[in-house]
Amino acid sequence: MVVARFAPSPTGYLHLGGLRTALFNYLLARSQGGQFMLRIEDTDTARTVPGAAESLANTLKIFGLQYDAGPDKPSSTGPFVQSQRSAIYKIHADKLLESGGGYRCFCTHQQLEAQKSKGGYDRRCRHLSNDQIQSNLSQNKPFSIRLKVPEGRTSFTDLIHGKLEFSNRTLDDGIVMKSDGLPTYHLANVVDDRLMGVTHVMRGEEWIPSTPKHVLLYKAFGWDETMPKFAHVPLLVNKDGQKLSKRHSDVNVNSLLEKGYLPEAILNFVGLLGFTPSVSKDIWFLEDFVKEFRIEGLSKSAAIVSYDQLDRLNRLHIAHRLKSPDTQAPLLESTRKSFLDKHNDR
């Protein structure tokens, strides 16, 4: 069974790219009769925004992207908030040490900063003797845990981009567990996907450089046979071909809703960004996408975000709502309320 997940960090609002990623994962799961999960990845505590996790979950529900398991939908593979899974990550970080797939790094912050200016971490702690390690531990020196990257090359087959291969020389022995006992994104992501039974990891192509590290983690844990399939969707760009800036208010999905764009129009819009259905038509509803979705229809090229197209789709969906008494009344009421709210603020 296909198990897909949307795993945002609660650092703010849901943006168009995040909504598209959530939609594509939802469609992948539903089109195959599988499961769709929501997982909150809040290991970066410094960037976590209070209330953002709840906002993300509520926004998904507004768009009809109902998940089978998540922070407010417990299951046997939860909890679905990473800050509630610290003990699980520690167990697996210790397993890396036991298997030889990881090692303790006793370098101080000052030492690491000095190494940055010389090209990055020099792996000095990788070569410590057991006596040196035990001496450091007896002195209660703080340490992080790093992944021991082997020599050679690492490859994986991406369902969109095909086979991708990387020289391990380009990968550092990344930290998987920080000295404060908190996991990094890479360890938490891989451990959670494995324990939650995720079969497909679909995310933005900006995560391609991280994937070889994840592949190596799967191998270090001996999870080669259950490694999920990867699919990295193309970036969203503006009309000038530049990556869409999250600082632009129109990237904020909630901002678009407040401006009067219908949820189904926004969903129609993002669903066609980088996806080409086999049937050509203007109006697409969620159930239409479920029937039509296939990974082969996803593009390798960046998708251009045209707000003129969003305006056009919104007009079409408004007209569609006005055709039926069942959808006409709620639309007119929300329009009236929005009008009054705007004028009461003046």
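Each reported figure results from applying straightforward, stated rules to the coordinates on display, with no laboratory input. Source: prediction; values computed, not measured. Note: ideal-geometry Cβ built from the backbone for every residue, glycine included; neighbour counts use all protein chains shown.
What's the FRET efficiency of ASP158 with LYS259 using the Cβ-Cβ distance as r and R₀ = 41 Å, to the nearest 0.05? Efficiency, rounded to the nearest 0.05: 0.70.
Charges were assigned to the Cβ only: +1 to each Lys and Arg, -1 to each Asp and Glu. The resulting dipole of the chain about its Cα centre is roughly 440 debye. Rounded, prolate or oblate, given the Cα gyration tensor of the stretch 227-290, with a/c below 1.5 counting as rounded? Taking the square roots of the gyration eigenvalues as a ≥ b ≥ c, the stretch 227-290 is oblate.
Here the spin labels are modelled as points 7 Å beyond Cα on the Cα-Cβ line, and at ASN238 and ARG294 they lie 3.6 nm apart.
The stretch 99-184: which trypsin sites (Lys or Arg not before Pro) are DSSP loop and have at most 12 other beta-carbon atoms within 10 angstrom? Of the trypsin sites (Lys or Arg not before Pro), the ones in loops of the stretch 99-184 whose Cβ has at most 12 other Cβ atoms within 10 Å are LYS118.
Along the stretch 20-32 the Karplus relation, 6.51 cos²θ - 1.76 cosθ + 1.60 evaluated at θ = phi - 60°, assigns HN-Hα couplings of 5, 4, 4, 4, 5, 5, 4, 5, 4, 5, 5, 5, 10 Hz to successive residues, with x for each Gly and Pro. Once the Cβ-Cβ distance of ASP94 and ASP68 is raised to the sixth power relative to R0 = 51 Å, the FRET efficiency obtained is 0.95. The charge dipole of the stretch 85-233, taken about its Cα centre with unit charges on the Cβ of Lys, Arg, Asp and Glu (plus for the first two, minus for the last two), comes to roughly 260 debye. Comparing Cα centroids, the stretch 1-73 and the stretch 94-135 end up 35 angstrom apart. Amide H contacts of VAL176: ILE145, ARG146, LEU147, each under 5 Å away and 5 or more positions distant or on a separate chain (H built 1.01 Å from N in the peptide plane; Pro and chain starts excluded). Between the amide H of PHE293 and any residue lying 5 or more places away or on another chain, no distance stays under 5 Å, with hydrogens modeled in the peptide plane.
All alpha carbon pair distances within the stretch 85-233 were sorted into 5 Å bins beginning at 0; the resulting P(r) in whole percents reads 2, 9, 18, 21, 20, 15, 9, 5, 2, 0. Only helices enter the 222 nm calculation for the chain: every DSSP H run of n ≥ 4 contributes -39,500 (n - 2.57), and dividing by all residues gives -12000 deg cm²/dmol, rounded to 500. When the alpha carbon coordinates of the chain are projected onto the principal axes, the ranges are 78, 46, 44 Å, largest first. For the chain, the Cys residues with no second cysteine's beta carbon closer than 4.7 Å are CYS107. Axis angle, to the nearest 10 degrees, between helix 185-195 and the longest C-alpha principal axis of the chain: 80 degrees. Given R0 = 22 Å, the distance between the Cβ atoms of ASP180 and GLN139 translates into a calculated FRET efficiency of 0.75.
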